[in-house]
Amino acid sequence: MASVTFSPDDRYNAFITTLSGAETGPGRLSGIPVAVKDNISTRGIPTTCASRILTGYIPPYDAHVVTLLKREGAAIVGKTNMDEFGMGTTTENSAFGPTLNPADPTRVPGGSSGGSAAAVASGMVRMALGTDTGGSIRCPAAFCGIVGLKPTYGRVSRYGLIAYANSLEQIGPMARNVEDVSLLMEVLTIHDPRDSTTIACPYRHTPDPTIRGLKIGVPEEFFGEGVDPRVASVVWEAITRLEAQGAEIVTCRMPSMAFALAAYYVTCTSEASSNLARFDGVRYGPQADTRRTWHESFQEQRREGFGTEVRRRIMLGTFALSSGYYGKYYAKAQAARQQVRNDFLRLFRTVDVIAGPTMPTVAFRLGEKTDPLSMYLSDVLTVPANLAGVPAISVPCGTSEGLPVGLQVMGQWFRDENVIDVAAACEQGVSS
Amino acid sequence: MSATPVTQPANTGMAIDDEVIVGLEIHCQLDTKTKLFCGCSTDYRDDPANTHVCPICLGLPGSLPRVNRKAVEYALRVGKALNCGIAPEAEFARKNYFYPDLDKGFQITQYDKPIAVKGYLDIEGDDGEKRVRITRVHMEEDPGRLVHKGAADRPKYTLVDYNRAGIPLIEIVTEPDLRSPKEARRFLNKLRATLEYLGVFDSEKEGSLRVDANISIQPKGWFEREGKGKADRGRVEIKNISSYKGVEKALTFEITRQKNLIRRGQKLESATRHFVETRGVTTSSRSKEMEQDYRYFPEPDLRPLRVCDWAMEIVLPELPDARRARFMEQYGCSPIHARTLTGELKLAEFYEKVADIDTALAATWIADTLLGELNYRDMSITLVPPEQFRELLVLLREGSVTDKSGVEVLRVLLDQLKETGRCEGARACVDRLGLRIIVATPTLTGEDPVMEAAKEALAEQPQAVADYRAGRKEALNFLVGQVMKKTRGCAKPGDVNKVLADLLEEG
Ligand SMILES: [Zn+2]
């Protein structure tokens, strides 16, 4: 078996682990270096979730998507940096230090798949796997100026993805162009019965930029308060170009946007508080202190092993699920989530896809977002797709202040092909 | 129950009109080949620790559960057999708490959408047939097991074995309909029989059944009036009783303890207690455990199960009540024999393997003799080869051995089985021990063993002979006894009487 030499100049701190002699074989991805986000299990290769609590953990098995990459001959050259357990929008919350944005190294690459985005944007790899719980593929794709797809929930197996918020997240492809994203998507959608939340719906598609007659819904809320007018105008120009290419633009409303963010944060922190309970030092991670009682030792372990943002979200989620508050928070969030789904259902009766900006702003400066709430607010445009489970892509559509701006296109459930086609049309519009 | 003098007005004491109220929560391991959410084998007993594990049942990061359909089918069988309603949709939920035997930091169980609700099981109660209501049946995974090293009270360190983690369990919850420890035991026996008839449970596997029992003593009629309302007297939950006998013992102990408290006028607080099997007592456990907030929420990695249609396709096998009726009808068993013989699946199957020899003889020998001998030796019926028992029944029916000898042979065979797992043939055993009935021949030639023994007895007991001749007829009984002794019980009493009478007449 041949191997691919990979000795990158990782000046953006995109990687947590790099592998110099990655193996490659025959297949559709033969010889292509691919980076994998470090929350996706790789047999024999440390998988850290950018957390100290997983120090020393080497998975004994491959995630389903990693098996698929290997089967197609891809060379897995490294594990990329991220916000700890995927909790963040900047890739600053990493035990391995922040990743820098190749488009402007004084700025964040976005998160949480910031390492994957930077590795692709800087040209170190042609493709990468990211994961998207509330925008974690699309945000860094937009900030770094690449293409990133969050597939329909249930289209790509999560087996081997270290869970942050199971009901929201998907693994998805990131690359510099739509064609590569589409190619990677073909590889990732081979069905896996080990993930009970998936259905067999393989993606076999060649991007087709012909969008004549396609109806694109543009919700007013995506251009509302908090969205930088300069970003909004770049996105509007892109939408206008799509109209010129033959698409029909329909402005619409998405009232559930008012509580989508709250529903998202209650859901993801609740699930996280339970998912992250297993990190107690008994089976893996740093050895527990056996001189102390088990309760003392695991509490200390968790206090020291988790970063501030992770501890904050565990506490929020624990609170939201606790008796007496469950109805007020978790149950209410699920009701709100249903309203988001209903909004999409209603809109998709009249439009084929929904478009708007991916992020309200361009990439932040490193260290700029200090209070968690303003950070959470920047997810407002990406979380609706996760709450509803619909496919959503971010594709570069221009620049503002010299920094990349992403157009977000959301499609109907299991019509990832549609958002790929619109992204291809946008790409064509930008390059021409 | 006896009434005790009331010393204080506020103290009602355990009066004659108090009653015991018991409800049970039973955890049973379902006898599937693989675990509930992964492909690991469930046959872990006697194997080294942590050899029946995989990323899923170890809760390794990134692994996902996948429901074992067989386990769901088994649980549905139980739900149907307990006359429960099956909801259109059942759902798994997470029960969150920290414990080293819990590899994921949560247990996958069912919360507000269990697989079956509102059923009943009829048992033989203290006052005749009784219907015990079933609140719910739900599925969950067993946690791992802690192994403490060093002294029992102050272990040096503790190891965790995850072989048991992920074994499918069902939890069956009853309404507080039981009124005595005996009823509780009868309920458990009937439940166990039902589960075994369904082919979903193997009671012989160690730790396959664990029971929590709720018990309180309330004024008679309180439960019917108030139901689950607030009682003056608290309710005690006895946790983790791991044997059938233990349940009856724990409840009996707890009743005495509570009665004594009531008698002394002390307030009965609600509490959780542990049953110490070796000492037969319950001990107080930290009340903190009751305050746990498990933060249940739907398991996001599993889809809800559409179980209603599935349940309709399930055809139940013959259950204990039906088999009991059939035994009475088909084999003419008495109601008591029919109940005993069908009370355990293996016993009922054993009976049907030998009943053709003589239905009544087989029923009597199994229910009245074999069962007692097995219990005495703590042996299972499965160890007894039906062929040997058939041979013994044939010998008994043809009159080749007396009942007394039959019991002796049975004991010898069971001892051999217990020792070596094998035994000689019943016929061979009879011959080896010389237990075949001695038939007296009507000649007085002295070649006949009965005649030999009778002559010997008369020679040895001149006083008895003299007494008999003097008209004291009871002396004959003494002489018969002597002859029986000499023939080691193998002669027929009728023969002995006749031979003795002839000899005495003659002399
Ligand atoms: Zn397993």
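Structure data summary
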item: Interchain or long-range residues, amide H under 5 Å from A:Val4's placed H; result: A:Ala22, A:Glu23, A:Thr24
item: Average other protein chain Cβ within 10 Å of Cβ, residues A:154-167; result: 3
item: A:Ser41 long-range amide H proximity, modeled H, under 5 Å; result: A:Ala63, A:Leu161, A:Ile162
item: Sequence-distant residues sharing a close amide H with B:Arg136 (under 5 Å, placed H); result: B:Lys118, B:Val173
item: Accessible surface, 1.4 Å probe, highest first, among residues B:Lys486, A:Lys70; result: A:Lys70, B:Lys486
item: Percent RCO, i.e. relative contact order, over the stretch A:137-212, from Cα pairs under 8 Å lying at least 6 residues apart; result: 31
item: Mean separation of Cα contacts under 8 Å (6+ apart) over length of chain A, as relative contact order %; result: 18
item: Net charge over other residues, Cβ less than 12 angstrom from the Cβ of B:Asp47 (K, R count +1; D, E count -1); result: -1
item: Förster-model FRET efficiency, 30 Å R0, B:His148 and B:Ser41, C-beta, rounded to 0.05; result: 0.70
item: Cα shape, chain A, gyration tensor, a/c 1.5 rule; result: oblate
item: Violating pairs (Cα-Cα greater than 22 angstrom) within the set B:Lys190/B:Lys249; B:Lys33/B:Lys205; B:Lys220/B:Lys259; B:Lys33/B:Lys245; B:Lys80/B:Lys113; result: B:Lys33/B:Lys245
item: Calculated from backbone phi, Karplus (6.51, -1.76, 1.60) coupling profile of the stretch A:124-137 in Hz, x at Gly/Pro; result: 5, 9, 7, 9, 8, 9, x, 10, 10, 9, x, x, 5, 9
item: The stretch A:72-89 - phi-based ³J(HN,Hα) in whole Hz, Karplus 6.51/-1.76/1.60, Gly and Pro as x; result: 8, x, 5, 9, 7, 9, x, 10, 9, 5, 6, 6, 3, 6, x, 9, x, 10
item: Rounded to the nearest 10 Å², the accessible area of A:Trp236 at probe 1.4 Å; result: 90
item: Chain B: relative contact order as a whole-number percent, Cα under 8 Å and 6+ apart; result: 14
item: Test item: A:289-296 mean partner chain Cβ contacts at 10 Å; result: 1
item: If the convex hull is drawn through the Cα atoms of chain B, its volume per residue in Å³; result: 226
item: Reachable lysines, given that their alpha-carbon falls under 17 Å from the alpha-carbon of A:Lys150 and they are not under 8 places away in the same chain; result: A:Lys37
item: Residue-averaged beta-carbon neighbours from other chains (10 angstrom radius) around B:299-305; result: 5
item: Backbone HN-Hα couplings from phi across the stretch B:416-431 [Karplus 6.51/-1.76/1.60, Hz, Gly and Pro as x]; result: 4, 4, 5, 6, 10, x, 9, 8, 6, x, 4, 5, 4, 5, 4, 5
item: Environment charge at A:Pro202 (Cβ cut-off 12 Å; Lys +1, Arg +1, Asp -1, Glu -1); result: -2
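The values are calculated or read from the model by the stated rules, or taken from the named source; none is laboratory data. On a predicted model such as this, the values are computed, not experimentally measured, just so you know. Because the Cβ atoms are built from the backbone with ideal geometry, glycine has one as well, and the counts that use them run over all protein chains shown. Surface areas here come from the heavy atoms of the whole protein model, side chains and all, with no ligands, DNA or RNA. Shrake-Rupley method; radii C 1.70, N 1.55, O 1.52, S 1.80 Å.
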